[in-house]
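Structure, as structure tokens:
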Amino acid sequence: MASLTLDGLTKSYGDVAVVKSVSLEVRDGEFLVLLGPSGCGKTTTLRMIAGFVPPSGGSIRIGDQDITRLPPWKRNAGLVFQSYALFPHMTVAQNVAFGLEMRKATRSEVGPRVAEALRLVRLDGYGERYPRQLSGGQQQRVALARALVIRPDVLLLDEPLSNLDAKLRLQVRLEIRALQQQTGLTTVMVTHDQEEALTMADRLVVMSDGAVRQVGTQSDLYERPADLFVADFVGRSTMIAGTVTDPGAFRSDGGLVLTCPAAAQLGPATLALRPERLTLGPAARGLDNHVPGTVSFVSYLGAMLDVHVRLNGTDHVVVQIPNKADGLAPAVGDTIEVGWPASACLVFPRETA
Amino acid sequence: MAHVSQRPVGEPGNLTAAGLLVPATIFVAIGLMVPIAILFRYSLNAFVPGKLMVDALTVANYVKFFTDPFYLQVLWRTVRVAVACTFFCLIFGFPLAYVLARTQSRYKNLLVMAIVLPLFVGNAVRAAGWMVAFGSKGFVNATLMGMGVISTPIEIMYTETAVVIGIIAVNMPFMVLTLQSVIEGIDRNVEEAAFSLGAPPMTMAMRVLFPLALPGILAGVILTFILAMNAYATPVLLGGPKFQTMGPLVFSTFAQQNNWPFGGAVSFVLMTVTLILTIASTLLIRRRYA
């Protein structure tokens, strides 16, 4: 068990940089999630840690040992693939024993450790089956047992849940998290599913275009997104384009004059609003910003309603309200007041292209 | 749509399936089974010089084959050459097939074409070209002697080595293409999983890649072995008149000696030995890796 350090890690194919100088510190026992849209470089980063992709620059360290140039079979990393990648010609027990045999463990040692690993993933008694005789969720747990049994320095998870159906995914998420905490393994997981990332991680790394956009806890990313990309990618936001005209004053392209935090930088900007931080109806009047609008669309999400409100010809917002089923829900065409405090405004300078 | 038959092809009572099977079946029956049956019957006949074939029911032809050291030597030589060719095709072919299966290169199709291309040149044409190149006054010897590397021509033509090399060259594409298609079906992540669990490349290959490629290895071995056992043009042209193997022996017994009963027996020995060795190698490989 050890910490994992990436220092200026870079990967280019010809002129195309897919990972641009990524520096991260994964603390001993920490669960770090690399989150980003497909093609953002998160999988390439993980494959560099595993040793399958040689970095173009930078270094990787486990504890104090530089492993940048070590081949995969000399790194002590446990890897779980999206496709599980179980050995189809071996039984479950043989799959789990493989890594121990490679480490020249004695026969008397292998049996109990395989049994222990299978017990850990609640698959005791399945040792003699072949992978094809197991369900997707069970195969996933075998893959996890196979990675855990070698007592790796780091556990690497490459979209481990995306081949499972939705219901199972919720359950396995919690199981993996519990296992990780139980074993205290330093873990890096790659995913494009933000909900998955938010429930499992100690800290998250948001990547796009090969670069790290923000590193932080769930609330760091949600409450204080570093840029527009993070605000848009983590959670939901509705965007209003405009300009910060004076400290604390935002003028939208549609002509609304709004109060925003005084710290916002002057100049062209985008205002991001979280749908659940907005208030509808008469209660909106007491807030820093309140604007009349027309309900253009209501989408029914079960526990919640998404109310789309058009404020003028250009600007519109989405407001999320609880579904109280009291018959007072706004209907399309209603004129309604929308309000929010200045603190709910996330203002980002418009990136000049 | 509910009443439209969704029966898979091949289910009993399906006329379409029968219709699909019949032409090939008739062709195989008439083109293969009948001649083989006739051949077998001939091999039990007697050969009387002057009268050629005489109706009989005797195993004399088989006894003759298995008691004459000359014929036994021809059989042993054929098996030896075929085993060597198959072995080298597998050893050289596997890495090539692996690279071909795993390459991300945009020239992959070109590479596959390069493997297939030799098949466009017939065996006889190719062997004739080699005769020109490797003869004692051929291109290779002339060049080496001209450069002063050697003083007397190297004996390449009319040796077992020449025949083995010739057959390997002919059979290699069959081995490579068979292996490639099977290796392509193996999840690359499975190899990576083995690496990450601590297996160096050779260990990974022995424990994971070969066992999973086994169906392809078997198919490639069977295919190239049968082709090598029955090779005709290559041993005749590159081996010369003294280098007798079973394929040419069948032909000369029939066509030059007009001894149909013995020719039938030689054919059946060749077929049976090929079959037995194929089955034996299949069992051996299966036991080794599965």
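Bear in mind that the values in this text are calculations on the coordinates, not laboratory data. Keep in mind the model is a prediction, meaning the values are calculated, not measured. With ideal geometry, Cβ positions are generated from the backbone for all residues, glycine too; neighbour counts draw on all protein chains shown.
For the criterion of being without any contact (Cβ under 8 Å) to a residue 24 or more places away in the chain and over 30 Å from B:GLY247 (Cα atoms), B:ALA213 fails. Surrounded by 22 or more Cβ atoms within 10 Å (Cβ to Cβ) and of a type in the set (A, V, I, L, M, F, W, C): does that describe A:ALA117? Against the criterion (surrounded by 22 or more Cβ atoms within 10 Å (Cβ to Cβ) and of a type in the set (A, V, I, L, M, F, W, C)), A:ALA117 qualifies. Inclusion of A:ARG274 among residues that are basic (Lys, Arg) and farther than 20 Å from A:ILE336 by Cα is not warranted.
Among the residues of segment A:121-141, are any among the aliphatic types (A, V, I, L, M) and free of Cβ contacts under 8 Å to residues at least 12 places away in the same chain? Full working, then the answer.
The first filter runs over segment A:121-141 and keeps only residues among the aliphatic types (A, V, I, L, M), leaving A:121, A:123, A:134.
Narrowing further to those that are free of Cβ contacts under 8 Å to residues at least 12 places away in the same chain: none.
Looking through segment A:121-141, none of the residues is among the aliphatic types (A, V, I, L, M) and free of Cβ contacts under 8 Å to residues at least 12 places away in the same chain.
Only residues that are over 19 Å from A:LEU155 (Cα atoms) and without any contact (Cβ under 8 Å) to a residue 40 or more places away in the chain were counted across segment A:194-212, and they come to 1.
For segment B:85-109, a residue qualifies if it is under 23 Å from the mean Cα position of the chain (by Cα) and polar (S, T, N, Q), and exactly one does: B:THR86. Checked against the criterion of being more than 10 Å from chain A (Cβ to nearest Cβ), out of contact with any strand residue (DSSP E or B) (no Cβ under 7 Å at 6 or more places or on another chain) and without any contact (Cβ under 8 Å) to a residue 24 or more places away in the chain, the candidates B:MET206, B:MET175 yield just one match: B:MET206. The residues of segment A:82-91 that are over 17 Å from A:LEU179 (Cβ atoms) and either of a type outside the set (S, T, N, Q) or within 7 Å of another protein chain (Cβ to nearest Cβ) (or both), listed by number, are A:SER83, A:ALA85, A:LEU86, A:PHE87, A:PRO88, A:HIS89, A:MET90.
The rows are residues; the columns are (1) farther than 28 Å from B:VAL121 by Cα; (2) away from every other protein chain (no Cβ under 14 Å); (3) part of a helix (DSSP H, G or I).
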| position | (1), (2), (3) |
| --- | --- |
| B:LEU237 | no, yes, yes |
| B:PHE243 | no, yes, no |
| B:PRO248 | no, yes, yes |
| B:PRO261 | yes, yes, yes |
| B:ALA265 | yes, yes, yes |
| B:VAL269 | yes, yes, yes |
| B:VAL273 | yes, yes, yes |
| B:ILE276 | yes, yes, yes |
| B:ARG288 | yes, no, yes |
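Is one or more of the residues making up segment A:93-114 in a helix (DSSP H, G or I), hydroxyl-bearing (Ser, Thr, Tyr) and surrounded by fewer than 17 Cβ atoms within 10 Å (Cβ to Cβ)?
Initial filter on segment A:93-114 (in a helix (DSSP H, G or I)): A:93-102, A:107-114.
Filter again for hydroxyl-bearing (Ser, Thr, Tyr), leaving A:108.
If we keep only those that are surrounded by fewer than 17 Cβ atoms within 10 Å (Cβ to Cβ) too, we end up with A:108.
Looking through segment A:93-114, at least one residue is in a helix (DSSP H, G or I), hydroxyl-bearing (Ser, Thr, Tyr) and surrounded by fewer than 17 Cβ atoms within 10 Å (Cβ to Cβ).
Run down A:LEU79, A:LEU70 and say which single residue is closer than 19 Å to A:MET189 by Cα and either without any contact (Cβ under 8 Å) to a residue 60 or more places away in the chain or of a type in the set (A, V, I, L, M) (or both). Among A:LEU79, A:LEU70, only A:LEU79 is closer than 19 Å to A:MET189 by Cα and either without any contact (Cβ under 8 Å) to a residue 60 or more places away in the chain or of a type in the set (A, V, I, L, M) (or both).
Cβ-Cβ contacts under 6 Å between residues 6 or more apart (or on different chains), taken from a first residue in segment A:311-338 that is over 20 Å from A:ARG274 (Cα atoms) to a second residue that is crowded, with 17+ Cβ neighbours inside 10 Å, are listed as A:VAL332/A:VAL295; A:ASP334/A:VAL295.
If I ask for residues that are part of a helix (DSSP H, G or I) and within 13 Å of B:SER267 (Cβ to Cβ), which ones from segment B:28-51 would you list? Spell out how you get there, then give the answer.
Going residue by residue through segment B:28-51, those that are part of a helix (DSSP H, G or I) are B:28-43.
Passing the criteria: B:LEU32, B:PRO35, B:ILE36, B:ALA37, B:ILE38, B:LEU39, B:PHE40, B:ARG41, B:TYR42, B:SER43.
Before we move on, is B:LEU90 within 30 Å of B:LEU284 (Cβ to Cβ) and part of a helix (DSSP H, G or I)? It is true that B:LEU90 is within 30 Å of B:LEU284 (Cβ to Cβ) and part of a helix (DSSP H, G or I). Just so you know, in segment A:146-168 the residues that are surrounded by fewer than 18 Cβ atoms within 10 Å (Cβ to Cβ) and under 24 Å from A:GLY41 (Cβ atoms) include one that is farthest from the other protein chains (Cβ to nearest Cβ), and it is A:SER162.
For segment A:52-67, taking the residues that are surrounded by 15 or more Cβ atoms within 10 Å (Cβ to Cβ) and within 14 Å of chain B (Cβ to nearest Cβ), the one that is farthest from A:LEU185 (Cα to Cα) is identified as A:VAL53.
Go through the residues of segment A:44-51 one by one and say whether even a single one is of a type in the set (Gly, Ala, Ser), touching a helix residue (DSSP H, G or I) at 6+ places or on another chain (Cβ under 7 Å), part of a loop (DSSP other than H, G, I, E, B) and surrounded by 15 or more Cβ atoms within 10 Å (Cβ to Cβ). Within segment A:44-51, one or more residues are of a type in the set (Gly, Ala, Ser), touching a helix residue (DSSP H, G or I) at 6+ places or on another chain (Cβ under 7 Å), part of a loop (DSSP other than H, G, I, E, B) and surrounded by 15 or more Cβ atoms within 10 Å (Cβ to Cβ). Could you please let me know if B:THR224 is of a type in the set (Ser, Thr, Tyr), buried (at least 20 other Cβ atoms within 10 Å of the Cβ) and either assigned to a helix (DSSP H, G or I) or within 14 Å of chain A (Cβ to nearest Cβ) (or both)? So B:THR224 fits the description; yes.
Do we find a residue being touching a residue at least 60 places away in the same chain (Cβ under 8 Å) and surrounded by 20 or more Cβ atoms within 10 Å (Cβ to Cβ) anywhere in segment B:248-255?
Taking segment B:248-255 as the starting set, the residues that turn out to be touching a residue at least 60 places away in the same chain (Cβ under 8 Å) are B:249.
Right, trim to surrounded by 20 or more Cβ atoms within 10 Å (Cβ to Cβ) and you get B:249.
Scanning segment B:248-255 turns up at least one residue that is touching a residue at least 60 places away in the same chain (Cβ under 8 Å) and surrounded by 20 or more Cβ atoms within 10 Å (Cβ to Cβ).
Here is a check on your reading of the model: is B:LEU218 under 23 Å from A:THR91 (Cβ atoms), more than 12 Å from chain A (Cβ to nearest Cβ) and within 13 Å of the chain's Cα centre (by Cα)? For B:LEU218, the condition - under 23 Å from A:THR91 (Cβ atoms), more than 12 Å from chain A (Cβ to nearest Cβ) and within 13 Å of the chain's Cα centre (by Cα) - is met.
Restricting to segment A:282-312, what's the tally of residues that are outside any loop (DSSP other than H, G, I, E, B) and under 19 Å from A:PRO341 (Cα atoms)?
Of the residues in segment A:282-312, the ones outside any loop (DSSP other than H, G, I, E, B) are A:282-286, A:289-300, A:304-310.
Applying the additional criterion that residues be under 19 Å from A:PRO341 (Cα atoms) yields A:282-286, A:289-293, A:307-310.
So the answer is 14.
Among the candidates A:MET207, A:MET189, the residue that is in contact with a Lys or Arg (Cβ under 9 Å, 6 or more places away or on another chain) and surrounded by 21 or more Cβ atoms within 10 Å (Cβ to Cβ) is uniquely A:MET207. For segment A:152-169, a residue qualifies if it is among the basic types (Lys, Arg) and free of Cβ contacts under 8 Å to residues at least 12 places away in the same chain, and exactly one does: A:LYS167.
For segment B:178-203, what are the residues that are more than 8 Å from chain A (Cβ to nearest Cβ), surrounded by 18 or more Cβ atoms within 10 Å (Cβ to Cβ) and more than 23 Å from B:LEU283 (Cα to Cα)? Scanning segment B:178-203 gives a single hit, B:GLU191. Every residue in segment A:241-272 that is among the polar types (S, T, N, Q) and either within 17 Å of A:PRO225 (Cβ to Cβ) or out of contact with any strand residue (DSSP E or B) (no Cβ under 8 Å at 6 or more places or on another chain) (or both), please. Selection gives A:GLN265, A:THR270. Among the residues of segment A:68-81, those that are facing chain B (nearest Cβ under 8 Å) and either within 24 Å of A:LEU164 (Cβ to Cβ) or in contact with a His (Cβ under 6 Å, 6 or more places away or on another chain) (or both) comprise A:ALA77, A:GLY78, A:LEU79, A:PHE81. Strands (runs of 3 or more DSSP E) fully within segment A:145-214 that include at least 1 residues being of a type outside the set (Phe, Trp, Tyr) and within 23 Å of A:ALA115 (Cβ to Cβ): A:154-158. Candidates A:ALA264, A:ALA269, A:ALA249: the one that is free of Cβ contacts under 8 Å to residues at least 60 places away in the same chain, of a type outside the set (Phe, Trp, Tyr) and more than 14 Å from A:VAL317 (Cα to Cα) is A:ALA249.
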